[in-house]
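The values are calculated or read from the model by the stated rules, or taken from the named source; none is laboratory data. Everything numeric in this text was worked out from a predicted model, so none of it was measured. Every residue, glycine among them, receives a Cβ derived from its backbone with ideal geometry; neighbour counts consider all protein chains shown.
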Amino acid sequence: MGDLLAPAMFVCLVLVLFTGFPVAFSLAAVAGAFAAVGIATGAFNASFLTNMLFRIQGTFNNDNLLALPLLIFMGMLLERTGIAEDMFVALNRLFGRLPGGLAYTTVIVGAVLSAITGFVSASVVAVGLIALPVMLRAKYDPKLAAGVIAASGTLAQVIPPSLVLIILAEQLEVSLNEIYRGALLPSALLVLSYLAYIFIVTRLAPERAPPASRSASDAGSSSGVVLDVAFTAGPPLAIVAAMLAAIYFGVATPSEGGAIGVTATLLLGLAKRKVTGRNLRQAMDVTGILCSGIIFLLLGASFFTLVFRGLDGQVWIESLFKNIPGGHIGFIVFINVAIFFLAFFLDFFEIAFIVLPLIAPVARQLGIDMVWLTVLLAVNLQTSFMHPPFGIALYNLRSVTPTSVPTSRIYWGAVPFLALQVLMVGLLILVPQIVTEAPTAKVDIDRVQIILPPPPD
């Protein structure tokens, strides 16, 4: 009987999820039911409730999770105050007169917004509202425009200080700072691959992304354009760069970096006179709603994992992977292929909170580098937002796309970028050093010395 409880618990969760019940409450309800069954059958005793209380306390005492509301609030401030839109307009003046210039600008702005908001839906909607009307007016191919926007929004999965990486670090119990360092080069390669694809497309078929006219992109001198970009796009870019550098070099923790970013963004908005009571309240409302949902998911997932392991669920999972040929490489390939196809039917949160904690013990037993595995799975899960026909990024983009652009064009526009993401997954499997040998750097504040020149004679 005890050997069947863990598989039955997993199957029951899948059935509940297919009914459309919210994920957080599905996890908690199934865990509660099987906890009662486990106590009644003697599979484990009631002391597990004490462990659950410690887990809840540990969740609320986790310093890394403090970064969640800060980073979300920072991203919402940039969006609601219009600073992100101003950054797009300024960069468009710099790149707009190039073939594909609007697409280049969209990728850059999307990368910045993704790094801050950390949520794909928020990034896709924000970039779509800002960039899509401008690209369509410039006679861009709707397929290319839709693909660029959807792909740029999904960069929220992997660009530090991504909230997705924070969630994965918690679920797989890996150092967040190490994940940030490991994800930096893969995320940069993804951005470069998008830019390279746009460059190739504009060279082979320039009519798909024509350059903007001078009157539409800029009517001033080159020096005036550069100064405008420096004053408009420079500050938000500098805030993101400084926050990443502080975290990367060990000067600040992710939560401290988020606090610095929020403060700097708020001061920037006040200096530009773009912060009002209304948009500040809207940013706080969205932040509260998103954070509440994440906390419920974390608590439900913690309860489910505790009960599942109490029923020796990890032993059942290990037995499923015992006969996979190829050792740890075979395990990695199988897991990535399985997650790729699961993403057609499950969203990121369902996979992150249900599937990943189950495979983590097996990965550790096989001696797999968990930082590499976390970054690899983050890039793989990025594809879940781009899968036609169920990719959530495509649905988000559809909601802000004019009816004159058919849904089929959005799907076909996403396919080339989906292929680039899959190629990145393969590259990380073949060359794990991209993640594992990321340079480490840390500044010891206590040993920093300021050397002044000697006084004049």
> So which of Ala156, Ala103 ends up being buried (at least 24 other Cβ atoms within 10 Å of the Cβ), modelled with pLDDT of 85 or more and either in contact with a helix residue (DSSP H, G or I) (Cβ under 9 Å, 6 or more places away or on another chain) or farther than 29 Å from Met284 by Cα (or both)?
Replying inline: Ala103
>> Given the condition surrounded by fewer than 20 Cβ atoms within 10 Å (Cβ to Cβ), under 21 Å from Ala183 (Cα atoms), touching a Leu at 6+ places or on another chain (Cβ under 7 Å) and not hydroxyl-bearing (Ser, Thr, Tyr), answer yes or no: does some residue in the range 359-375 qualify?
In response: yes
> Does Ile295 meet the test of being β-branched (Val, Ile, Thr) and touching a Leu at 6+ places or on another chain (Cβ under 7 Å)?
Replying inline: no
>> Take the conditions buried (at least 16 other Cβ atoms within 10 Å of the Cβ), in contact with a helix residue (DSSP H, G or I) (Cβ under 9 Å, 6 or more places away or on another chain) and modelled with pLDDT under 85 and apply them to Leu397. Does it pass?
In response: yes
>> Just checking, does the range 204-221 include any residue being at pLDDT 85 or above and assigned to a loop (DSSP other than H, G, I, E, B)?
In response: yes
> Within the group Gly32, Gly38, which residue is surrounded by fewer than 15 Cβ atoms within 10 Å (Cβ to Cβ), more than 29 Å from the chain's Cα centre (by Cα), modelled with pLDDT of 65 or more and assigned to a helix (DSSP H, G or I)?
Replying inline: Gly32
> Within the bounds of the range 123-145, is there any residue that is touching a Phe, Trp or Tyr at 6+ places or on another chain (Cβ under 7 Å), assigned to a helix (DSSP H, G or I) and polar (S, T, N, Q)?
Replying inline: no
>> For a quick check of your reading of the model, give me the residue pairs whose first member lies in the range 27-41 and is free of Cβ contacts under 8 Å to residues at least 40 places away in the same chain, whose second is of a type outside the set (Ser, Thr, Tyr), with beta-carbon atoms closer than 6 Å and at least 6 apart or on different chains.
In response: Ile39/Ala46
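Residue-wise test of (1) among the basic types (Lys, Arg); (2) closer than 30 Å to Ala169 by Cα; (3) under 18 Å from the mean Cα position of the chain (by Cα).
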residue	(1), (2), (3)
Leu268	no, no, no
Lys272	yes, no, no
Met284	no, yes, no
Thr287	no, yes, yes
>> So, Thr383, is that one modelled with pLDDT under 90 and part of a loop (DSSP other than H, G, I, E, B) or not?
In response: no
> Only one residue in Ile317, Ile329, Ile324 is more than 20 Å from the chain's Cα centre (by Cα), in a helix (DSSP H, G or I) and farther than 28 Å from Val16 by Cα, so which one is that?
Replying inline: Ile329
> Looking at the range 254-313, which of its residues are buried (at least 16 other Cβ atoms within 10 Å of the Cβ) and among the acidic types (Asp, Glu)?
Replying inline: Glu256, Asp312
> From the list Ile429, Ile368, Ile335, which one is modelled with pLDDT of 85 or more and not in a helix (DSSP H, G or I)?
Replying inline: Ile368
> When the range 238-253 is examined, which residues are found to be surrounded by fewer than 17 Cβ atoms within 10 Å (Cβ to Cβ) and either under 14 Å from Ala84 (Cα atoms) or free of Cβ contacts under 8 Å to residues at least 40 places away in the same chain (or both)?
Replying inline: Ala238, Ala241, Ala242, Ala245
> Would a scan of the range 290-313 turn up a residue that is of a type in the set (Val, Ile, Thr), closer than 30 Å to Thr41 by Cα, outside any loop (DSSP other than H, G, I, E, B) and without any contact (Cβ under 8 Å) to a residue 60 or more places away in the chain?
Replying inline: yes
>> Test of understanding: among Ala169, Ala145, Ala150, which residue is over 30 Å from Cys291 (Cβ atoms), in contact with a helix residue (DSSP H, G or I) (Cβ under 6 Å, 6 or more places away or on another chain), aliphatic (A, V, I, L, M) and modelled with pLDDT of 80 or more?
In response: Ala145
